[in-house]
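The values are calculated or read from the model by the stated rules, or taken from the named source; none is laboratory data. Since the structure is predicted, the reported quantities are computational estimates derived from the model, not experimental observations. Neighbour counts are summed over all protein chains in view; Cβ atoms, including those assigned to glycine, are modelled from backbone coordinates with ideal geometry. Protein only, heavy atoms only, side chains kept; ligands, DNA and RNA dropped before computing areas. Shrake-Rupley method; radii C 1.70, N 1.55, O 1.52, S 1.80 Å.
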Protein chains: 2
Amino acid sequence: MPSSRSPSRPTIIDVARDAGVSKTSVSRYFGTERTLLSESMRSRIEASIARLEFRPDRIASSLRGRKTGLIGMLVADLRNPYTVAMVHGAELACRERGYALVVFNTDNDDALERRHLDILKGYSIEGLIINTRGQNLAPLQQSLASGLPMVLVDRHMPGLECDMVGLDNAQAVALALSHLSEQGFQHVMLVTEPVAGISSREERVAAFDVEAGRLCLGHQVLEIELGDNAERLDCAVGAWLERGEHPRALLSANGVVTLALCQALSRLGAQSFERAGLIGIDELEWCSLVGPGISTIAQPVEAIGAQAVERLWTRIEGATDAPCQVVLEGELTPRGSTMAAVRP
Amino acid sequence: MPSSRSPSRPTIIDVARDAGVSKTSVSRYFGTERTLLSESMRSRIEASIARLEFRPDRIASSLRGRKTGLIGMLVADLRNPYTVAMVHGAELACRERGYALVVFNTDNDDALERRHLDILKGYSIEGLIINTRGQNLAPLQQSLASGLPMVLVDRHMPGLECDMVGLDNAQAVALALSHLSEQGFQHVMLVTEPVAGISSREERVAAFDVEAGRLCLGHQVLEIELGDNAERLDCAVGAWLERGEHPRALLSANGVVTLALCQALSRLGAQSFERAGLIGIDELEWCSLVGPGISTIAQPVEAIGAQAVERLWTRIEGATDAPCQVVLEGELTPRGSTMAAVRP
DNA sequence: TTTGGTACTGAAACCGTTCCCATTGGCGTA
DNA sequence: TACGCCAATGGGAACGGTTTCAGTACCAAA
């Protein structure tokens, strides 16, 4: 009945008293100095720990020397499936390495991002994973300068010299376009949220222009703010569908856009899916169910999250080589939406 | 240029020295005793804090007296949209109250759940939100007994007397069935993952039997393990479709099942959606896009997460009334999948 | 003048742990 | 025997804050 004594958790001193040893020895029982302990000491301590159900207070231990074991993560939109899967991958990797992940959602709010960053620093996190819009350069630069290991996910921030993990955008876009070309599409339109200096979007647009040119495809880019006003998208897509002589296809720059495009096509009439091809970056669970099945270029999202943690870990362990960049390849899943381009 | 001096963060002592006051006064500057400080003292401290960019170390301050401001959350499956939305709601509410949320994903692994619980306790969380399978009663009971405020989400755990927030299952099921009945369906099948003692599933099944009986609908329940073997589901649903004389409809017990059912129907042929009605508990972003549009009963997921935090908060503030139970209503969105039941 | 109260301030103890350093005892060696 | 060394152990300072408590200064009331 260890719980009947004191209402609060047992401390290392309780264990020491119970085992008849010093608190130093109990402290050594956890951590690397454990090998110093004799066999008898070790077993006595073990017994007391079990009897009292002692667990060291990580907060107290981090105060003096020991690390917190906390990794912070700042994401712009937790409801985005990309983010969720990435967080999941990062969480698995953290678990592997003995870290705990503290995730803050900034909801695309820059002020909130600053506040969350402050809070995270207050918890003495050992590393920081960032996947936000990048409007808060100064405070991030300062964190980096103060020696906090950081990793960017999905996009660079100019002026922030740190590791970065993301998709190989050029490869992904090329893969999509060569697939469309093979399927006989001759005109393509990339639909993206406003580029706004976000590097991954820039890269996708740039790769799109280059690659479509190389493949001799007619091409254009539609940059559009999603959100409240669905009509603008309907108009743009509708107009594009109208003036079609060639077999044409849409390339969606990410999962959010894919959803919006499917909604637009669906509003424009059920037969819209037959009037144009569609392929999207990001694999979504419902892609096989909609229309003829939506072709996708899947990002290795879980791997991206895991790699972010791995990069962080090497930095925490002391690696000081130049900032590196991990780009992972996308994978094509062809479905009905890009088959049989012989459309009027 | 405060950063050129010392590599590590300024401490309260640095501020005290800089302002020419005692560290006690600086400590008082934060927290409730602030009113004690004279005007001149307050402004001097303020200036030093700004000059040194001092932020109190929350970890250190929590050691003596002050709370950690951390709320822990244990979820069974972070990739489930229900979970994501609930986490998001909880996060907003935490932000409101000045808490930070530490989320651990147990991936439906009971051992992992125990480990995560231990870790969370090690960080001296102030409250715990639980949404897991409930196979780890003992350690949870112990946490509760030790005075940790806890809230269950979506389901009870028999033997764990604490607050609970979830869907009004009876109302949601009744709403779905009365809609189906109004639309002329005469036979309904509830499809659910294995009940396995999970209270929300039990309640949905119970309500289904009662309500279908009351409405004089032919009814049956299909309890099936999803995951790897999709064939079993295809068989079950296929067979059920075959032997149909009445207009019949499927009621999916949650979003995961809805996805599986749509996949099954889609595999069984595109016209399957016309052979039976379908309505699912949980609103999903793609429901309007699949087949004729899938009707849903939306759970107020964000509200559930927010309410969980609110319950926790009242407990943290000292409320000691009997464990309460917050049930929120589901909302019907009728779509094509439950229209025009006049099917052969 | 003494007393008492109020408004403000700081010294020191404390939180639970880790780390530095001193101590002890046993053993091999000169 | 005396010495040095090593393995094992413990005492106490330190970490960065909060809190308790003991002042100090000032002013009104007795």
Discussion item. For the condition touching a residue at least 12 places away in the same chain (Cβ under 8 Å) and open to solvent by 40 Å² or more (accessible area, probe 1.4 Å), what is the one hit in B:85, B:47?
Written reply: B:47
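Quick check on my filter: what residues within region A:38-57 are within 13 Å of DNA strand C (Cβ to nearest atom) and either in the same structural domain as residue A:10 (by TED's automatic domain parsing) or over 18 Å from residue A:8 (Cα atoms) (or both)? Let's see the steps before the verdict.
Here is the first cut: in region A:38-57, the residues within 13 Å of DNA strand C (Cβ to nearest atom) are A:38, A:45, A:48-49, A:52-57.
A:38, A:45, listed by residue number.
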Practice prompt. Of the numbered conditions (1) at pLDDT 95 or above; (2) among the hydroxyl-bearing types (Ser, Thr, Tyr); (3) closer than 19 Å to residue B:230 by Cα, residue B:295 fails exactly one; give the number of that condition.
Written response: (3)
Fill in: Residues (at negative phi and open to solvent by 50 Å² or more (accessible area, probe 1.4 Å)) located in region B:58-79
B:58, B:63, B:64, B:66, B:67, B:79
Discussion item. Looking only at region A:250-282, how many residues end up being free of Cβ contacts under 8 Å to residues at least 60 places away in the same chain, within 15 Å of residue A:336 (Cβ to Cβ) and more than 8 Å from every other protein chain (Cβ to nearest Cβ)?
Written reply: 6
Fill in: Enumeration of residues in region B:65-98 that are more than 10 Å from every other protein chain (Cβ to nearest Cβ) and either within 16 Å of DNA strand C (Cβ to nearest atom) or part of a loop (DSSP other than H, G, I, E, B) (or both)
B:65, B:66, B:67, B:76
Practice prompt. Output the residue which, of all residues in region B:224-245 that are in contact (Cβ under 8 Å) with a residue 24 or more places away in the chain, within 19 Å of residue B:187 (Cβ to Cβ) and not hydrophobic (A, V, I, L, M, F, W, C), is surrounded by the fewest Cβ atoms within 10 Å (Cβ to Cβ).
Written response: B:244
Worksheet entry | Single residue of B:304, B:297 found to be closer than 30 Å to residue A:291 by Cα, open to solvent by less than 20 Å² (accessible area, probe 1.4 Å) and either more than 13 Å from chain A (Cβ to nearest Cβ) or not hydroxyl-bearing (Ser, Thr, Tyr) (or both) | B:297
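Just checking, which of A:5, A:42, A:55, A:28 is over 39 Å from the mean Cα position of the chain (by Cα), open to solvent by 50 Å² or more (accessible area, probe 1.4 Å) and at pLDDT 90 or above?
Working: A:5 fails: at pLDDT 90 or above; A:55 fails: over 39 Å from the mean Cα position of the chain (by Cα); A:28 fails: over 39 Å from the mean Cα position of the chain (by Cα).
After applying the criteria, what remains is A:42.
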Item to complete: Check off (1) open to solvent by 30 Å² or more (accessible area, probe 1.4 Å); (2) over 25 Å from residue A:86 (Cβ atoms); (3) modelled with pLDDT under 95 for residue A:221 and give me the number that stays unchecked.
Response: (3)
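Determine if region B:272-288 includes at least one residue that is hydrophobic (A, V, I, L, M, F, W, C), over 16 Å from residue B:251 (Cβ atoms) and assigned by TED's automatic domain parsing to the domain that holds residue B:189. Steps first, please.
Kept after step one, since they are hydrophobic (A, V, I, L, M, F, W, C), are these residues of region B:272-288: B:273, B:276, B:278-279, B:281, B:284, B:286-287.
Those still in the list that are over 16 Å from residue B:251 (Cβ atoms) too: B:286.
Now restrict to residues that are assigned by TED's automatic domain parsing to the domain that holds residue B:189: B:286.
Yes: one or more hits.
Could you please find all residues in region B:24-36 being within 11 Å of DNA strand C (Cβ to nearest atom) and either under 27 Å from residue A:148 (Cα atoms) or of a type in the set (S, T, N, Q) (or both)?
Taking region B:24-36 as the starting set, the residues that turn out to be within 11 Å of DNA strand C (Cβ to nearest atom) are B:24-29, B:33-36.
Within region B:24-36, B:24, B:25, B:26, B:27, B:35 meet the criteria.
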Item to complete: Restrict the check to region B:215-226 and report whether at least one residue is touching a Phe, Trp or Tyr at 6+ places or on another chain (Cβ under 8 Å) and within 14 Å of another protein chain (Cβ to nearest Cβ).
Response: no
